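Report on the structure given below.
The values are calculated or read from the model by the stated rules, or taken from the named source; none is laboratory data. These numbers come from a predicted model, not from an experiment. All Cβ positions, even for glycine, are placed from backbone atoms using ideal geometry, and neighbour counts span all protein chains on display.
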Amino acid sequence: MGIGKALAEECARRGMNLLLVALPGKELDELSATLRQRYQVEVHALGLDMLEKTASGQVYQWCVDRDFSVDKLINNIGVGGRSDFETCRVTDLEAMLTLNVQIATVLTQLFVELLKKQRRSYILNVGSAAGFFHIPHKAVYSATKAYLYSLTRSLRSELKPLGIHVALLAPGGAHNRQDPVVHRKVNGWLHRNIHHSTEHIARTALNGLLKGKRVIVPGTLPKIYIGLSGVFPPSWVDVVVDRLFKNTR
C-alpha cells in the first residue's frame, strides 16, 4: 500500500468522507468501494491524469459543481526516482516538476476558496526528509521537496488568519519505496528505523495534522537526522549524503 492509499484509509477509519483523485482505472474504483463498505463513509472518486494542462481546474470544478464541502486538502501527488541529472530524460524532469511543484501549488491556491468557508480547515503537503538535504542522483526530487517545505512554511503564516492550518509531512522513507543503493549500504537496525510502514506514516500524519503540528516526521531516527542536518556545517552534511546515495558497483 502506498502513502496515498494509507492516508485515504486512515481518514476513512476516522469517519471522514473522502474525495479521491487518482489515475482512472480499476484500482481507484476498487479502493473507493472497499472504503465505503469497510468504514461506512461517503467516497467520491475522480479518475484523472494530473499531467493534463487543465487537471487542477478540473479537480476544483468537480468539487464546486457537486457542492462538496471541503475541510481538508491532502496534496499527496508527486513522483520520485533515482537518475543521473546529466542523462535523465527531459520528459521525466518535466513530469516531476509539474506534479511535485506546479500541481501542488495550483491545487492549494484554488482550494483556499473552499477551505476558508469552514470554521477550521487543514492543508497537508506530503513532502519528504529529502527536502532537508541536497541529494545527488535525486537532485530534482530533493529540490522539489525543499520547495514544498518552503511553500508550506510561508502559507502557514499567510493562511492562518483564514482558519486554515498548513502542515508538511516529511517521512524518512516507506517500506514499499526504498532506494536500492541506500538499502545496500544501510542495513539492519538503522535501515528498519529510517523506514516505516505506510500505515504508520498515515496515522502519524493525521495525528499531527489535527493537533496543529507544523512539520510531521514519522519516527525518532528521521527526526534526529533532520535535526542534526541543521546543526552541522552544510559541507559535512553534503559529504555524508553524497557517500550514502553515491552508486557503488
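For this structure, a couple of remarks:
- Cβ pairs under 8 Å, 6+ apart, first in region 29-47 and free of Cβ contacts under 8 Å to residues at least 60 places away in the same chain, second of a type in the set (A, V, I, L, M) and in a loop (DSSP other than H, G, I, E, B): Leu35/Val41; Val41/Met16; Gly47/Leu23
- Looking across region 43-99, the residues that are under 18 Å from the mean Cα position of the chain (by Cα), β-branched (Val, Ile, Thr) and either within 17 Å of Pro24 (Cβ to Cβ) or surrounded by fewer than 12 Cβ atoms within 10 Å (Cβ to Cβ) (or both) come down to Val59, Ile77.
- In region 100-107 there is no residue matching the filter, namely being over 30 Å from Pro136 (Cα atoms), at pLDDT 95 or above, buried (at least 16 other Cβ atoms within 10 Å of the Cβ) and within 18 Å of the chain's Cα centre (by Cα).
- Count of residues meeting criterion [of a type outside the set (Asp, Glu), loosely packed, with under 13 Cβ neighbours inside 10 Å and under 23 Å from Arg119 (Cβ atoms)] in region 147-161: 3
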